[in-house]
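Contents: one structure, followed by commentary.
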Amino acid sequence: MTHRDEAKALVAQMTLAEKASLCSGLNFWYLKGIQRLGLPEIMVTDGPHGLRKQESGAESVGLNASVPSTCFPTASATACSFDRQLMYEIGKAIAEECRQDNVAVLLGPGVNIKRSPLCGRNFEYFSEDPLLSGEIAAAFIEGVQSQNVGVSLKHFATNNQETRRMTIESVLDERTFREIYLKAFEIAVKKAKPWTVMCSYNKLFGEFASQNERLLTKILRNEWGFEGVVISDWGATVDRVAGLKAGLDVEMPHVDDVHDQEIIKAVENGSFPIEKLDLAAVKVTELILKSIERKPYKYEQPSHHALARAAAAQSAVLLKNEGNLLPGKTGAKAAVIGAFAKNPRYQGTGSSKILPYKLDNAFDELKTYGLEADYADGYPLNTDNVNESMITEACHVAKDKEIVYLFAGLPDRDEAEGFDRDTMRMPENHVRLIEAVSKVNDHLVVILFGGAPMELPWAEKVQAILLMYLGGQACGGACADLLLGKVNPSGKLAESWPLMLEDNPSYGNFPGYPMTVEYREGLFVGYRYYDSVKKPVRYPFGYGLSYTQFEYSKLLLTKNKLDTTDQLTITCQVSNTGGVSGKEVVQLYVSQLNSVLMRAEQELKGFDKVTLEPGESCEVKFTLASQDLAFYNSDISSWQVENGEYEIRIGASSRDIRLTGSIEIVGDNSSNIPNMRSLTPGYFNLENGIDISDTEFEALLGRPIPPRNRTKESPHTINSTISDIQDKWVGRMLLKYVQKQIDAMSKDNADLKIMAEKMLMDMPLRFLTTMGGGMTSNQLRGLIDLLNGNICGIKQLLAHI
Ligand code: BGC
């Protein structure tokens, strides 16, 4: 009997109340079970780059101390590995830790697209490219689920910023939605069948994700065939019954029983069909049954630490290496500068924050290899302010050395869930240090840490740059391996690094207005924009150096004409022509020539990572179906392939194309392909930035631009934010009350305090009943009545206090 059949049989024995009870969590981290039917409660917990299981108090808000576990490099790093096998291994290892700690579902991976370098949570996401994000996520999911541990693919969908993430509406056109923001989810769902998907907080197409039927049922289930459970992001539920109708199976975390009662009432009064509740109950039961197949496991910390180290080394990107300064030699007279050398930046803050059982630092690891180096801190860790005497000391230490290793980047306080960065700049004290040291030593290697692109105005003044991103608990060891040539760098950038923030296509439309954020750049995200308008970037998508060289040759296409029934095989040869063993990420891009569509200069359509000894060659093979080149035609709500000539490009980065070929595609009937040049001419002329008029954006959207601001007259609802109600005395009192709650909740947790304070004004009132807010749903209703001028609300608000 399949799990599904078994689940159906069990649900047939459940009472209405039992079925409804399965649709919400037991507390913060557990789903409910039904004891009399032998269904246990199961634990779901964060993710994504390690296990963050709260040690105790599963009922309370989510940033308490967690059990020690392995902190792997975060997603922005591992995506640069372009290595599916490595992702599988990391997923499997994290699942082994879940098995040891009795966790049924890991809340990750996150595949939201990096629309802007400023998104505070970019470190938890993979790429600006949907194919890369989807492929890497699928491999990770397969690794986790190979252990009978589930994942929650998140945050579905268009949650591409932290600012006002609980209430904002992402405004974008259907084609961009399908081709860019849904694609990674689609690939991961179809390839790896995640046990659960987590819907996001935000609104899209006029409705919250948590009750968006088109998103959760029509697209996810009907079009993509998803059969698992949809879980809400924590506190993302707005109207529980509407959510259930739309396809949201489980609400997390637990709110008082009011929502379960609402479900029961809706079934009893006939406004919600019992069959739909049955289906949700079957899916949740099936999830529980699948998860009890999981066998306990005892993992070996040293082997997971070694995997974390290998992963960090495979993911790091060598951005610059003038005169082959790297790899350094252990015997050289060296200086190590920068507090990050001893106190690494290795993860971000928020729900993904791991408590590692071990933390390497590069300074000690370099020493272990025999490097004797003088050291200076160079900057204080707790402030961005410049400390002149520390810089002077660093210059003194760096002077006359054969090589200087300088560790810098973004401080901890810059990267967290709950808020976005407001600049792409590094802290002033790091920049000044690099500039000062570059003046006294011209053998300067900068080792960069941070989860997202930074402006590097000093890049021309230093000789080498090694980017570690946030490399997890073993990044110190990985640094030493790479700097001293024990491992050859092989990471390639999973996102473009623009010269400055203003170059980014979302600039001016990020993070948006109080109520909406407009994705005016449409399809032109990341390299799709930079390459289309030939904008200089600091480092392009797919770029990364090695200590060896690779040559590309012998491009072969099995045919020169491809129709919708067939496949094209593309092969080429890659040779290691340098002196050391190395890995190369071979990238396949396709460019459509003379399209009537709005189309990016090129799109990534495949990648492979190969390992080659010096002098060795291998064949790299890709297959392509014409469907892989399809665009989404919103007019007919379907994917379609445009006839014409397409260029096949094989490259070492999006700006380093080594081989080209061409193929004629016999696509679908071209007659109903909209001529976008006449409809939205601005999108064919983006050289001077994204300056799209409202009229044109509306033409792209196919609907009016939704209101950007609340009006004074709009009544308050559970979705009004704390900042929306500051013109009311009760709003100001509430602010004080919430501030107090935050202080109490976060008294031993500085991270939680920073995050909560930054998020405070954006918090919707519905959070007062979840996430430690301490109010009942009835009290909340009273508060809202009061805000809307109904004085009787005070009775309800004060009841039960
Ligand atoms: C985050 C999710 C996370 C959940 C549970 C939410 O605030 O957006 O990514 O899994 O909390 O910690």
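Miscellaneous remarks
- Among the residues making up segment 543-588, those that are in a loop (DSSP other than H, G, I, E, B) and under 18 Å from Asn488 (Cβ atoms) are Tyr543, Gly544, Ser546, Tyr547, Thr548, Gln549, Thr577, Gly578, Gly579, Val580, Ser581.
- Of residues in segment 218-245 being part of a loop (DSSP other than H, G, I, E, B) and more than 14 Å from the ligand (Cβ to nearest atom), the one surrounded by the fewest Cβ atoms within 10 Å (Cβ to Cβ): Gly225
- Condition check for Val103: among the hydrophobic types (A, V, I, L, M, F, W, C) and surrounded by fewer than 19 Cβ atoms within 10 Å (Cβ to Cβ): no
- Subset of segment 66-75 (residues that are more than 14 Å from the ligand (Cβ to nearest atom) and either modelled with pLDDT under 90 or surrounded by fewer than 23 Cβ atoms within 10 Å (Cβ to Cβ) (or both)): Val67, Pro68
- Any hit, segment 464-475, residues being touching a residue at least 40 places away in the same chain (Cβ under 8 Å), surrounded by 24 or more Cβ atoms within 10 Å (Cβ to Cβ) and of a type in the set (Ser, Thr, Tyr): yes
Results for (1) within 14 Å of the ligand (Cβ to nearest atom); (2) over 29 Å from Arg413 (Cβ atoms); (3) modelled with pLDDT of 95 or more, shown as yes or no for each residue.
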| site | (1), (2), (3) |
| --- | --- |
| Leu118 | no, no, yes |
| Glu124 | yes, no, yes |
| Leu131 | no, yes, yes |
| Ile136 | no, no, yes |
| Phe140 | no, no, yes |
| Gln145 | no, yes, yes |
| Asn160 | yes, no, yes |
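- Boolean, Gly206 is at pLDDT 95 or above and on the phi > 0 side of the Ramachandran plot: yes
- First in segment 158-178 and touching a residue at least 40 places away in the same chain (Cβ under 8 Å), second anywhere and among the basic types (Lys, Arg) and within 16 Å of the ligand (Cβ to nearest atom), Cβ under 7 Å, 6 or more apart: Asn159/Arg165; Glu162/Arg121; Ile168/Lys203; Glu169/Lys203
- Residue in segment 742-755 that is nearest to Ser351 (Cα to Cα), counting only those that are aliphatic (A, V, I, L, M) and touching an Asp or Glu at 6+ places or on another chain (Cβ under 9 Å): Met755
- Just one residue in the set Ala313, Ala242 is under 30 Å from Ala494 (Cα atoms), among the small types (Gly, Ala, Ser) and modelled with pLDDT of 95 or more; that residue is Ala313.
- With respect to the conditions (1) under 15 Å from Ile354 (Cα atoms); (2) crowded, with 20+ Cβ neighbours inside 10 Å; (3) among the hydrophobic types (A, V, I, L, M, F, W, C), Phe28 lacks only one, and its number is (1).
- Conditions (1) within 12 Å of the ligand (Cβ to nearest atom); (2) in a helix (DSSP H, G or I); (3) of a type in the set (A, V, I, L, M, F, W, C): number failed by Ala79: (1)
- Hits in segment 134-187 - residues which are in a helix (DSSP H, G or I), under 15 Å from Ser200 (Cβ atoms) and touching a strand residue (DSSP E or B) at 6+ places or on another chain (Cβ under 7 Å): Phe185
Each row is one residue, and each column tells you yes or no for (1) touching a Gly at 6+ places or on another chain (Cβ under 9 Å); (2) outside any helix (DSSP H, G or I); (3) at pLDDT 95 or above.
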residue	(1), (2), (3)
Phe622	yes, yes, yes
Glu642	yes, yes, no
Tyr646	no, yes, yes
Arg649	yes, yes, yes
Ile657	yes, yes, yes
Ile663	no, yes, yes
Pro674	no, yes, no
Gly682	no, no, no
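- Unique residue being crowded, with 19+ Cβ neighbours inside 10 Å, among the small types (Gly, Ala, Ser), in a helix (DSSP H, G or I) and in contact with a helix residue (DSSP H, G or I) (Cβ under 7 Å, 6 or more places away or on another chain) when the list is Ala281, Ala308: Ala281
- Of the residues making up segment 246-266, just one is within 14 Å of the ligand (Cβ to nearest atom), of a type outside the set (Asp, Glu) and in contact with a Cys (Cβ under 7 Å, 6 or more places away or on another chain), namely Val250.
The values are calculated or read from the model by the stated rules, or taken from the named source; none is laboratory data. Remember, it's a predicted structure, so these values are computed and weren't measured experimentally. As a convention, Cβ positions derive from the backbone with ideal geometry for all residues, glycine included, and neighbour counts pool all protein chains shown.
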